[in-house]
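The values are calculated or read from the model by the stated rules, or taken from the named source; none is laboratory data. All values derive from a computational prediction rather than experimental measurement. Counting neighbours? That spans all protein chains shown, and the Cβs are built from the backbone with ideal geometry, glycine included. Surface areas here come from the heavy atoms of the whole protein model, side chains and all, with no ligands, DNA or RNA. Shrake-Rupley method; radii C 1.70, N 1.55, O 1.52, S 1.80 Å.
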Amino acid sequence: MAAAAASRAARVGLLYDERMCAHATPDGEEHPENPERLRAIWRKLNAEGVASRCVVLKAKEAEDKYIASVHSNNHIKLMKEISSKKYDSSRNTIARKYNSIYFNKGSSESAVLAAGSVIEVAEKVAAGELRSAIALVRPPGHHAEHDEAMGFCLFNNVAVAANYLLNDRPDLGIKKILIVDWDVHHGNGTQKIFDYGSFYPAEGDASHCFIGEEAGKGYNINVPWEHGKCGDADYIAAWDHVLLPVTEAFDPDIILVSAGFDAALGDPLGGCCITPNGYALLLTKLLGFAKGRIVMALEGGYNLRSIANSVFACAKVLLGDKFTFSSPEMQPFESTWRIIQAVRNELKTYWPVLSSKLPENLSLRIKPSPIELYTSSDSEPDGEDVDELSGAVSSVNVIQFADDAISEHLSKMKLDEENLAVKTASSCSAAEHHPTDSVEVDKDGSVVLSKRISDLSLAWRSDLSRTHVWYASFGSNMWKPRFLCYIQGGKADGMSIPCCGSRDTSSPRGTMWKTVPHRLLFGRSSTPCWGTGGVAFLNPEMNYNEKSYVCMYKITLEQFNDILFQENRLVLEDGKNGNVVYPDSSLVDSSEVEFMSTNKAIHLEPIKDSWYSNVLYLGDEDELPILTMTCPSSDIERYKSGELPLVPPSKTYAATLIKGLVEGKQLDADGAASYINAAAARGL
Ligand code: X5A
Ligand code: ZN
């Protein structure tokens with residue numbers, strides 16, 4: 001009986017191999033794409049008893065000849081030798097030539113195993129030995145191009161496996177492959193590798209207008225979100241109205257999923273909010289095609305808990321566990337419907353099933369803002385009109401190979417290196433490059449770290465660089481030299497670690513002081529920068545008996561986001577490589593600002609557990625909004641209950657506030673000291 005049940009249940013492959021954890025930053029520097037990602041998923045699947053229900057497989061090396069169907073011989077040689085002794089002294093320098101790449105002594109082995117592992121499971125699924133499979137691989141692959149590593153990817157694992165099935169295993173009868181790339185980032189590598197046409201320098205190639213070239217026309221579908229806040233409802237809409245109709249018409253023999261989980265709720269890079277159940281539903285909808293032959297290969301995904309829970313949900317789907325999907329509460333964004341309609345228009349000549357117009361009533365549905373209100377207000381969140389561009393791109397590559405191998409590869413585009421010297425006092429629009437990479441000491445003694453910034457998606461930056469706001473500081477940022485560290489990078493007196501600064505290092509356009517009717521408090525017991533002692537927060541609740549000093553700086557909304565990233569420790573720095581990884585999407589754009597101007601506050605869902613996740617609107621000055629960032633009201637409750645400690649500031653931290661107030665001519669030294677002491681003593 002048990003055996004019969006087991007054979008009726010889907011045979012699901014699960015590939016995990018500790019050897020793919022060998023790829024790591026060279027000196028243990030923090031990086032989102034790190035070995036713990038695989039381990040976190042593996043631990044979860046074991047703890048939940050899911051791994052034991054799967055056919056567990058070990059990694060296998062990819063043979064060069066298979067990798068060569070996708071990558072140049074030079075690229076293969078370099079990736080395979082980069083970990084050898086010969087490269088010990090040049091490894092970091094070579095890594096820096098790429099966008100968002102590091103190498104160590106384990107990189108070569110991991111990369112060859114990642115590609116080989118996807119081949120391995122794809123072969124077993126295509127052969128019918130397994131019904132479906134999940135390959136837990138790293139480094140990821142979908143950004144890697146013919147002759148180029150980028151975006152944490154060395155070899156394009158999924159593209160290598162697809163070519164293997166099509167070119168090297170005619171016996172398996174796989175003629176049509178659907179690649180679904182649900183990673184939040186654009187699968188530029190996969191797109192280019194399977195693009196027949198080769199002559200278009202692909203600036204902005206994540207556009208829905210890229211539908212493939214020549215014989216491949218209609219076989220590349222991009223669904224480029226206009227902002228980074230899409231969730232289950234948006235992805236399901238793209239599935240129902242683009243992907244699934246095309247899949248039905250295409251009728252693939254197998255589906256390879258470039259399964260990045262960085263569109264997951266809680267991801268530090270993505271900013272989207274797909275839930276584990278959302279992923280389960282997206283996957284369930286695909287299971288209806290290709291006789292359920294699905295191969296999932298891990299791509300991105302950087303929140304360990306989110307990726308573990310998401311892969312767990314997907315594994316249960318593949319194993320045939322029953323899910324009950326309640327219809328999502330959220331509706332897709334208005335922009336989601338607009339994008340889906342545009343994609344359908346673009347492709348309807350190739351896929352007649354997309355010809356019909358979406359029903360009128362669909363396009364009118366609007367998603368409520370993903371926020372929490374903190375200051376009392378009777379107005380409900382309105383629908384928002386979001387037309388900001390940001391990084392989230394979901395792409396679907398549909399590939400059909402009539403016969404032979406891929407044609408000449410695309411001429412390389414140059415979105416690769418975004419370099420920035422911190423002290424370059426130019427405004428830096430997304431298009432500008434500052435090819436400096438060094439450490440200097442500024443004349444006033446502060447350390448200036450020049451850095452390479454690697455963002456694959458920068459559209460939101462150029463947009464928000466045109467909007468100005470007043471940023472109101474009430475803590476150490478009241479002292480201008482300290483504040484400037486958040487703009488220009490480096491550290492000022494009293495700080496023990498440097499800041500990475502904003503991408504736009506231009507100085508504030510104005511400075512101005514004010515008092516606001518909010519209570520100043522000091523909470524949390526220590527910080528990496530200031531050591532033991534509390535740091536400043538404003539109670540988001542207004543209180544007309546209070547008067548707190550704020551120093552306001554007129555800066556761009558892009559700079560404001562960079563301050564938010566830094567305050568909430570969302571910028572990852574890799575000291576050795578000098579790489580700085582910012583989140584790929586903004587936290588506050590014009591739609592949030594507009595929302596706040598009627599509702600006073602917005603709690604930033606993607607960083608809801610961070611210290612400064614609550615942005616307050618404090619009024620206008622010069623017709624520009626005054627914004628500050630503080631803790632959410634829920635933290636105020638935790639301070640009141642004693643769950644979070646109210647702690648007076650350290651001497652150095654207090655000294656910084658006092659310097660700000662004195663140099664800003666708000667109070668004399670004694671007055672400033674008693675202002676701080678009173679705030680620290682008062683409690684809540
Ligand atoms: C595989 C993947 C992301 C690279 C982002 C660089 N790469 N800013 O998610
Ligand atoms: Zn990604």
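Kindly check whether there is at least one residue in region 446-456 that is within 16 Å of ligand 1 (Cβ to nearest atom), open to solvent by 20 Å² or more (accessible area, probe 1.4 Å) and either among the aliphatic types (A, V, I, L, M) or at pLDDT 95 or above (or both). Reasoning before the result, please.
Initially, region 446-456 is screened for residues within 16 Å of ligand 1 (Cβ to nearest atom), giving 451-456.
Now narrow it down to the ones that are open to solvent by 20 Å² or more (accessible area, probe 1.4 Å): 456.
Subset that is either among the aliphatic types (A, V, I, L, M) or at pLDDT 95 or above (or both): 456.
Yes.
Return the total of residues in region 13-28 being open to solvent by 30 Å² or more (accessible area, probe 1.4 Å) and assigned to a loop (DSSP other than H, G, I, E, B).
So in region 13-28, the residues open to solvent by 30 Å² or more (accessible area, probe 1.4 Å) come out as 18-19, 22, 26-28.
Still in the running and assigned to a loop (DSSP other than H, G, I, E, B): 22, 26-28.
Number satisfying all stated conditions: 4.
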Being closer than 30 Å to Leu587 by Cα and part of a loop (DSSP other than H, G, I, E, B) narrows Leu684, Leu667, Leu657, Leu661 down to just Leu684
Note: among Ala111, Ala95, Ala122, Ala133, just one is assigned to a strand (DSSP E or B) and touching a residue at least 60 places away in the same chain (Cβ under 8 Å), namely Ala133
* Condition met for Val223 (open to solvent by less than 10 Å² (accessible area, probe 1.4 Å) and farther than 23 Å from Gly173 by Cα) -> yes
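Can Val112 be described as within 16 Å of ligand 2 (Cβ to nearest atom) and either open to solvent by 10 Å² or more (accessible area, probe 1.4 Å) or of a type in the set (A, V, I, L, M) (or both)?
On the way: within 16 Å of ligand 2 (Cβ to nearest atom): no; either open to solvent by 10 Å² or more (accessible area, probe 1.4 Å) or of a type in the set (A, V, I, L, M) (or both): yes.
It is false that Val112 is within 16 Å of ligand 2 (Cβ to nearest atom) and either open to solvent by 10 Å² or more (accessible area, probe 1.4 Å) or of a type in the set (A, V, I, L, M) (or both).
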(1) of a type in the set (S, T, N, Q); (2) farther than 19 Å from Gly260 by Cα; (3) away from ligand 1 (no atom under 16 Å from the Cβ); (4) under 28 Å from the mean Cα position of the chain (by Cα) all hold for Asn167 apart from (4)
- [ ] Go through the residues of region 329-338 one by one and say whether even a single one is aromatic (Phe, Trp, Tyr), closer than 30 Å to Val571 by Cβ, surrounded by 24 or more Cβ atoms within 10 Å (Cβ to Cβ) and within 16 Å of ligand 2 (Cβ to nearest atom).
- [x] no
Contact list, first residue from region 662-677 and free of Cβ contacts under 8 Å to residues at least 24 places away in the same chain, second anywhere and charged (D, E, K, R) and outside any helix (DSSP H, G or I), beta-carbon distance below 7 Å, six or more apart or interchain, is Val662/Asp668
* For region 289-302, does any single residue satisfy the condition of being modelled with pLDDT under 95 and either open to solvent by 30 Å² or more (accessible area, probe 1.4 Å) or more than 16 Å from ligand 2 (Cβ to nearest atom) (or both)? -> no
Subset of region 620-644, residues open to solvent by less than 50 Å² (accessible area, probe 1.4 Å) and farther than 24 Å from Phe483 by Cβ, comes to Ser633, Ile636, Tyr639, Leu644
By residue number, the members of region 593-613 that are open to solvent by less than 20 Å² (accessible area, probe 1.4 Å) and polar (S, T, N, Q) are Asn599, Ser613
Among (1) assigned to a loop (DSSP other than H, G, I, E, B); (2) open to solvent by less than 10 Å² (accessible area, probe 1.4 Å), Ala672 falls short only on (1)
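Suppose we filter Leu136, Leu154 for residues that are in contact with a strand residue (DSSP E or B) (Cβ under 9 Å, 6 or more places away or on another chain), open to solvent by less than 10 Å² (accessible area, probe 1.4 Å) and within 16 Å of ligand 2 (Cβ to nearest atom); which single one remains? Give the derivation first.
Working: Leu154 fails: in contact with a strand residue (DSSP E or B) (Cβ under 9 Å, 6 or more places away or on another chain).
That would be Leu136, the only listed residue that is in contact with a strand residue (DSSP E or B) (Cβ under 9 Å, 6 or more places away or on another chain), open to solvent by less than 10 Å² (accessible area, probe 1.4 Å) and within 16 Å of ligand 2 (Cβ to nearest atom).
Being within 12 Å of ligand 1 (Cβ to nearest atom) and either modelled with pLDDT under 95 or assigned to a loop (DSSP other than H, G, I, E, B) (or both) is the filter here; which residues of region 150-164 pass it? So that I can check it myself, show each step before the final result.
So in region 150-164, the residues within 12 Å of ligand 1 (Cβ to nearest atom) come out as 150-154, 156-158.
The answer is Gly151, Phe152, Leu154, Asn156.
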Among strands (runs of 3 or more DSSP E) completely within region 470-550, the ones holding 3 or more residues that are closer than 27 Å to Val580 by Cβ and touching a residue at least 60 places away in the same chain (Cβ under 8 Å) are 535-542
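Looking only at region 118-133, filter to residues that are open to solvent by less than 10 Å² (accessible area, probe 1.4 Å) and more than 16 Å from ligand 1 (Cβ to nearest atom); which one of those is nearest to Ala259 (Cα to Cα)? Show your work before the answer.
Residues of region 118-133 open to solvent by less than 10 Å² (accessible area, probe 1.4 Å): 118, 121-122, 125-126, 130, 132-133.
Those left that are additionally more than 16 Å from ligand 1 (Cβ to nearest atom): 121-122, 125-126, 130, 132-133.
On the way: Val121: 14, Ala122: 14, Val125: 16, Ala126: 18, Leu130: 18, Ser132: 14, Ala133: 12 Å.
Residue satisfying both the conditions and the ranking: Ala133.
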Got at least one residue in region 640-649 being acidic (Asp, Glu) and without any contact (Cβ under 8 Å) to a residue 40 or more places away in the chain? yes
Across region 258-297, the tally of residues that are more than 15 Å from the chain's Cα centre (by Cα) and within 14 Å of ligand 1 (Cβ to nearest atom) stands at 2
Checked Lys285, Lys229 against criteria (surrounded by fewer than 23 Cβ atoms within 10 Å (Cβ to Cβ) and farther than 21 Å from Gln191 by Cβ); the one match is Lys285
Exercise. Kindly establish whether His185 is open to solvent by 10 Å² or more (accessible area, probe 1.4 Å) and within 16 Å of ligand 1 (Cβ to nearest atom).
Key: yes
Here the residues within region 249-282 that are of a type in the set (A, V, I, L, M, F, W, C), within 16 Å of ligand 2 (Cβ to nearest atom) and open to solvent by 40 Å² or more (accessible area, probe 1.4 Å) are Leu265
Of the residues in region 303-322 that are within 16 Å of ligand 1 (Cβ to nearest atom), part of a helix (DSSP H, G or I) and open to solvent by 10 Å² or more (accessible area, probe 1.4 Å), the one that is farthest from Phe152 (Cα to Cα) is Ser306
Condition set part of a loop (DSSP other than H, G, I, E, B) and open to solvent by 30 Å² or more (accessible area, probe 1.4 Å), scope region 30-46, selection farthest from ligand 2 (Cβ to nearest atom): answer is Glu30
Taking region 47-59 and the residues there that are over 29 Å from the mean Cα position of the chain (by Cα) and crowded, with 17+ Cβ neighbours inside 10 Å, the one that is farthest from Ala162 (Cα to Cα) would be Arg53
Filtering region 221-248 down to residues that are away from ligand 2 (no atom under 16 Å from the Cβ) and β-branched (Val, Ile, Thr) yields Ile221, Ile236, Val242, Val246, Thr247
